[in-house]
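**Student:** A single structure is presented below for examination.
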Amino acid sequence: MIGVLALQGAFAEHESCLDRLGQEFFEIRKREHLDRSMDALIIPGGESTVMGKLLRDMDMDSILKERILGGLPVFGTCAGLIVLSKRVVGGSTSLGTLDVTTIRNAYGRQLGSFETVAGFDGKEIPMTFIRAPYVESVRPGVKVLSEVDGRIAAVRQGNQLATSFHPELTEDLTVHRYFLEEVAGVM
């Protein structure tokens, strides 16, 4: 069972991908939902500042951080990458479990959004960037899975996968499949 953080952002699109892959999921909208057993967690794109505030205000941040550091597989996209990052340029960190430095809104405002095709773990896939961050630097133990125009767009550190792009906004299921098979081990 996959938990999808549904406080704000593009959670419904991730749920659609999970549905297409035949994976059961449930939405995490309040603290009590964290009492359910889950095999993995998805933190969607959206507004990282709002997401971080809601996690703190609803007393969910410390629980999620503890579970992720304890081995719960997690996949963060765009704002989810920022929420997971230990260091954030141009914003604040929230969970701080992923040992990277991320630059918030690195590609500019909404008008700086774009689509491209680039490599992800050796496969060419479509990528959608919306007011996207990128990973400026990684620490030892963090594997770079994708770069676009010389900027890090996807990383993995053990049980954590994060992308600066939105794979849930394309028809391609490569990244979700990678998360479920390689990171979470549920497929």
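Read-outs throughout are calculated quantities, based only on the coordinates presented, and are distinct from any laboratory measurement. Note that the structure is a prediction, hence the values are computed from the model and not measured. Quick reminder, even Gly has a Cβ in these numbers, built from the backbone with ideal geometry, and neighbours come from all protein chains shown.
**Student:** Give me the log10 of I(q) over I(0) for the chain at q = 0.12 Å⁻¹, as the Debye formula computes it from C-alpha points; what are the numbers?
**Tutor:** -0.48
**Student:** Can you tell me the length gained on complete extension of the stretch Lys123 to Glu136, counting 0.36 nm per residue apart and subtracting the Cα distance?
**Tutor:** Taking 0.36 nm per residue and subtracting the Cα distance, the gain is 2.4 nm.
**Student:** Whose amide H sits under 5 Å from the amide H of Thr102, counting only residues 5 or more places off or on another chain, with H placed in the peptide plane?
**Tutor:** Distant-sequence amide H within range of Thr102: Arg87, Val88, Val89, Glu136.
**Student:** I've got another one for you. Roughly what would the spin-label model give for Lys86 and Val186, points 7 Å off Cα along C-beta, in nm?
**Tutor:** 2.7
**Student:** Which residue, Gly119, Gly76, Gly150, has the most motion in a Gaussian network model of the chain that connects Cα atoms within less than 10 Å?
**Tutor:** Answer for the Gaussian network model of the chain: Gly150.
**Student:** Go through the stretch 9-16 residue by residue and turn each phi into a ³J(HN,Hα) via Karplus (6.51, -1.76, 1.60, θ = phi - 60°); whole Hz please, and just put x for glycine and proline.
**Tutor:** x, 8, 6, 4, 5, 5, 4, 4
**Student:** So, one more: What value, in deg cm²/dmol to 500, does the helix sum -39500 (n - 2.57) over DSSP H runs of n ≥ 4 give at 222 nm once divided by the residues of the chain?
**Tutor:** Details: 5 runs with 40 residues, N = 187.
Counting only the DSSP helices, I get -5500 deg cm²/dmol.
**Student:** Let me ask something else about it. Taking the Cα centre of the stretch 2-183 as origin, work out the dipole magnitude from +1 charges on Lys and Arg Cβ and -1 charges on Asp and Glu Cβ, in debye rounded to 20.
**Tutor:** On the way: 20 positive and 25 negative charges, 143 e Å.
Here the stretch 2-183 has a charge dipole of around 680 debye.
**Student:** For the stretch 134-187, treating each Cα as an identical point scatterer without solvent, what Debye log10 I(q)/I(0) comes out at q = 0.20 1/Å?
**Tutor:** Those come out to -0.74, one per q.
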